[in-house]
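Heads up: the structure comes next, in structure tokens.
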Amino acid sequence: MSKYLNFILFCNVAFITNLILIEAAYCPGKPSPSAQPNLNPIIDEKPLLVSEIKNAKLYTVGSGDDLIKIVHLWGTPYEMGYAHATIAMSEMYQFFAYVWTFIESQIKSSLNGNTEGFFKDEFLKLVADNGLELALEIESNKTEIYISNHFLEEIQGMADAAGIDPKAYKQFYMISELGKTSSSMFGAWGLAIPSVEGLLQLGAIDWGTDSGFQNVPQITVYHPNKDSSTNGHDFANIGWSGWIGSFQGYSSKKLAVSQIGVSYPDISFGEESLYGTPFTYVLRDILQFDSTFDDAFNRIKNAKRTSNLILGIGDGKINKFNSIQYSASVANCMDDTTLKPDADWHPKITNVVYHGVDWLCPSFNQVMAGQITKLYGNLTTENAIRDVTSIVQTGSLLVTYYDFENDVIYTANARGYEEEGPENAYERSFVKIKMNDLFSELPPNL
Ligand SMILES: *[C@@H]1O[C@H](CO)[C@@H](O)[C@H](O)[C@H]1NC(C)=O
Ligand SMILES: *[C@@H]1O[C@H](CO)[C@@H](O)[C@H](O)[C@H]1NC(C)=O
């Protein structure tokens with residue numbers, strides 16, 4: 001730790017100069033012109049029960065190198081946290097180890113000026129001044145008042161099951177607040193898709209394939225106690241073992257979320273803040289407590305917001321998808337007619353809202369617009385898996401398509417360390433999952 005601290009102090013000066021250079025820049029990189037369509041078969045199998053304990057069941061879905069765990073949880077927040085850490089303990093430990101290593105390497109790289117924009121500037125300064133562990137403690141202490149009790153109870157349950165100080169988890173979960181996950185999203189309906197009814201939504205996370213997260217993919221299905229409506233409803237959090245905030249997810253109210261961390265904003269974002277409700281908790285509360293798009297947008301408007309992001313909210317009951325420009329200062333809804341940024345490299349497409357990789361990101365948005373236009377009117381999940389994410393080369397770590405009309409999701413993770421096949425999630429076989437089957441799962445008879 002002290003060796004690390006020296007390194008950071010040394011880099012402090014370099015970091016400050018970098019800040020000025022990255023203002024108003026465009027995102028780096030572009031899709032390869034020789035990107036290939038994804039022709040892998042879609043895996044459509046029933047989940048298999050592996051084990052059950054009090055308040056939890058563990059299933060796997062998919063096979064071989066495309067296996068995903070599904071963990072069902074029942075009870076109070078405390079009971080669900082306790083059962084989660086009990087049934088997925090070794091995967092959870094692995095996930096925490098991967099995250100820690102990944103974040104440390106990203107911070108070093110950011111302080112070196114190699115991964116510009118990945119972290120909030122204010123957080124890098126906090127780390128530069130205090131070291132990573134203390135920075136997370138400061139962040140965690142200052143944000144606790146913005147975090148709902150049910151999260152703290154769930155964390156307490158996990159900590160008790162694992163025999164760990166809950167403070168460690170609270171601090172650990174701050175990490176998503178401090179990094180910028182470049183990602184992509186779209187929502188398509190009406191004229192864009194073959195069916196008259198329906199909504200297709202994409203969430204694609206580009207965190208690289210070396211983070212190790214893909215070794216422990218997990219869909220966590222929460223079944224909160226039904227004795228009071230204030231406990232929320234059933235929903236699926238799509239992520240990794242032990243992860244309780246949301247980047248992607250789908251609820252029994254047919255609301256789904258996507259997100260993009262913005263490293264290349266323009267001035268319309270205004271200010272960022274380090275202290276507020278972590279956005280992954282805002283997204284999770286949408287899945288757990290909100291019934292309609294308007295509920296979700298009100299939650300976002302009223303939240304003590306922090307980071308620069310683009311959020312995507314789909315409501316499959318009314319086939320509505322909007323993206324939301326999100327920062328401490330603003331919460332602006334965008335539909336297909338008001339889509340931003342307004343630029344020739346980001347053309348408006350009727351009945352489609354889309355964002356490729358970042359906000360000011362011509363290279364990826366142009367290719368995404370091109371692929372969506374090519375499939376226009378015939379944009380189905382299968383076609384988008386084949387020709388959109390694969391050709392835009394977005395979703396290196398985790399890609400999920402939500403097909404609301406059929407109440408199914410299709411999801412793929414990057415190649416795990418021990419696995420074969422293509423490296424990036426967008427090149428691999430997707431696993432199809434029927435969401436109503438997940439939400440109607442019965443609790444263990446124990
Ligand atoms: C965080 O809060 C704990 C408990 O209140 C306290 O002991 C600790 O000193 C605080 N840490 C910082 C860095 O403020
Ligand atoms: C729509 O996509 C399907 C599947 O790729 C294809 O078979 C069909 O020909 C397409 N229809 C049109 C009108 O392009």
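Assorted remarks:
- Evaluation of Asp227 against the conditions (1) within 16 Å of the chain's Cα centre (by Cα); (2) at pLDDT below 95 shows that the sole unmet condition is (1).
- From the list Ala204, Ala188, the one residue that fits, being modelled with pLDDT of 95 or more and within 16 Å of ligand 2 (Cβ to nearest atom), is Ala188.
- For the stretch 275-309, the tally of residues that are touching a Ser or Thr at 6+ places or on another chain (Cβ under 6 Å), aliphatic (A, V, I, L, M) and crowded, with 24+ Cβ neighbours inside 10 Å stands at 2.
- Any chance Gln171 is in contact with a helix residue (DSSP H, G or I) (Cβ under 8 Å, 6 or more places away or on another chain) and either away from ligand 2 (no atom under 16 Å from the Cβ) or under 26 Å from Asn302 (Cα atoms) (or both): yes
- If the condition is being assigned to a strand (DSSP E or B) and of a type in the set (A, V, I, L, M, F, W, C), then the stretch 293-320 contributes Leu309, Ile310, Leu311, Ile313.
- Looking only at the stretch 140-159, and only at residues there that are more than 9 Å from Pro77 (Cα to Cα) and of a type in the set (A, V, I, L, M, F, W, C), the one that is surrounded by the fewest Cβ atoms within 10 Å (Cβ to Cβ): Ile145
- Looking only at residues in the stretch 119-139 that are surrounded by fewer than 20 Cβ atoms within 10 Å (Cβ to Cβ) and among the hydrophobic types (A, V, I, L, M, F, W, C), the one that is farthest from Thr280 (Cα to Cα) is Leu134.
- Filter result for Glu52 (outside any helix (DSSP H, G or I), touching a Gly at 6+ places or on another chain (Cβ under 8 Å) and surrounded by fewer than 19 Cβ atoms within 10 Å (Cβ to Cβ)): no
- Subset tally (residues that are part of a loop (DSSP other than H, G, I, E, B) and either closer than 19 Å to Gly370 by Cα or open to solvent by 20 Å² or more (accessible area, probe 1.4 Å) (or both)) for the stretch 322-352: 19
- Residue in the stretch 368-376 that is more than 16 Å from ligand 2 (Cβ to nearest atom), more than 18 Å from the chain's Cα centre (by Cα) and of a type in the set (A, V, I, L, M) present: yes
- Among the residues of the stretch 415-433, the one identified as under 21 Å from Phe404 (Cα atoms) and of a type in the set (D, E, K, R) is Lys432.
- Test for Thr350: is it among the polar types (S, T, N, Q), in contact with a strand residue (DSSP E or B) (Cβ under 9 Å, 6 or more places away or on another chain), at pLDDT 95 or above and farther than 22 Å from Thr400 by Cβ: no
- One residue alone among Ser251, Ser246, Ser241 is in contact with an Asp or Glu (Cβ under 8 Å, 6 or more places away or on another chain), without any contact (Cβ under 8 Å) to a residue 60 or more places away in the chain and open to solvent by less than 10 Å² (accessible area, probe 1.4 Å), and that residue is Ser251.
- Lone qualifier among Ile103, Ile87, Ile155, Ile70 - being touching a Lys or Arg at 6+ places or on another chain (Cβ under 9 Å) and under 17 Å from Thr280 (Cβ atoms): Ile155
- Looking only at the stretch 128-149, residues that are away from ligand 1 (no atom under 13 Å from the Cβ), in contact with a Phe, Trp or Tyr (Cβ under 9 Å, 6 or more places away or on another chain) and in a helix (DSSP H, G or I) come to 2 in all.
- The set of residues from the stretch 173-206 being over 19 Å from Thr306 (Cβ atoms) and assigned to a loop (DSSP other than H, G, I, E, B) comprises Ile193, Pro194, Ser195, Val196, Glu197, Gly198, Asp206.
- Out of Leu49, Leu58, sole residue that is closer than 21 Å to Pro224 by Cα and either among the acidic types (Asp, Glu) or in contact with a helix residue (DSSP H, G or I) (Cβ under 7 Å, 6 or more places away or on another chain) (or both): Leu58
- Matching residues in the stretch 207-224 - criterion: being open to solvent by 10 Å² or more (accessible area, probe 1.4 Å) and modelled with pLDDT of 95 or more: Pro217
The values are calculated or read from the model by the stated rules, or taken from the named source; none is laboratory data. Quick caveat, the model's predicted, so the values are computed rather than measured. Counting neighbours? That spans all protein chains shown, and the Cβs are built from the backbone with ideal geometry, glycine included. The area values use the complete protein model at the heavy-atom level, side chains included, leaving out ligands, DNA and RNA. Shrake-Rupley method; radii C 1.70, N 1.55, O 1.52, S 1.80 Å.
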